[in-house]
Amino acid sequence: MSTTRRATWIPVVTGLIQREGKVLVGQRPEGQTLPGVWEFPGGKIELGESPEEALERELREELGIVADIGPLALAATHRYGLTGIVLLFFRIDFWKGELKPVHHTELKWVRPSELAKLKLPEANTIILPRILSLIDADRANRVSL
């Protein structure tokens, strides 16, 4: 009999919220996992939710906004020990309400080139080149419209 344990996988949705060439990040609060780390807004998918429903709920809870969830832009996986996460990044181009740091210590808009200087979760750092390519492609598409 094998003692190999299967990883536990957690599906996580993330919103790439962009404005005027910058992207929104929030700083995780003390007392939570990864305190002080900067992250893209989002969270875990709850049982019975679609990824889009989960992200809409998370953005309402974390930022106090009602967001129009755009298309799936990027999917990736990462492992923290025996726990794996499936990251689903969605574009967020439109929202209603004023952004508030309900869950985060601080929110800030940063240029894509500044993301590499921030302390990000390891799962984001590893795929940062893919995230930056996605943001660059979005910017190019907006200019050509």
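Where a number appears in this text, it was derived from the coordinates with a stated rule and is not lab data. Fair warning: this is a prediction, and the values are worked out from it, not measured in the lab. So basically every Cβ, Gly included, is an ideal-geometry build from the backbone, and we count neighbours across all protein chains shown.
Data overview
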read-out	value
Residues located in segment 6-27, provided they are over 16 Å from LEU55 (Cα atoms) and either polar (S, T, N, Q) or in contact (Cβ under 8 Å) with a residue 60 or more places away in the chain (or both)	ALA7, THR8, TRP9, ARG19, GLU20, GLY21, LYS22, VAL23, GLN27
Some residue of segment 127-143 being without any contact (Cβ under 8 Å) to a residue 60 or more places away in the chain, under 20 Å from ALA54 (Cβ atoms) and in contact with a His (Cβ under 6 Å, 6 or more places away or on another chain)	no
Filtered residues of segment 105-140 (kept if of a type in the set (Val, Ile, Thr) and either more than 22 Å from LYS44 (Cα to Cα) or assigned to a helix (DSSP H, G or I) (or both))	VAL110, THR125, ILE126, ILE131, ILE135
Test: residue in segment 53-63 that is closer than 24 Å to ARG111 by Cβ and out of contact with any strand residue (DSSP E or B) (no Cβ under 8 Å at 6 or more places or on another chain)	no
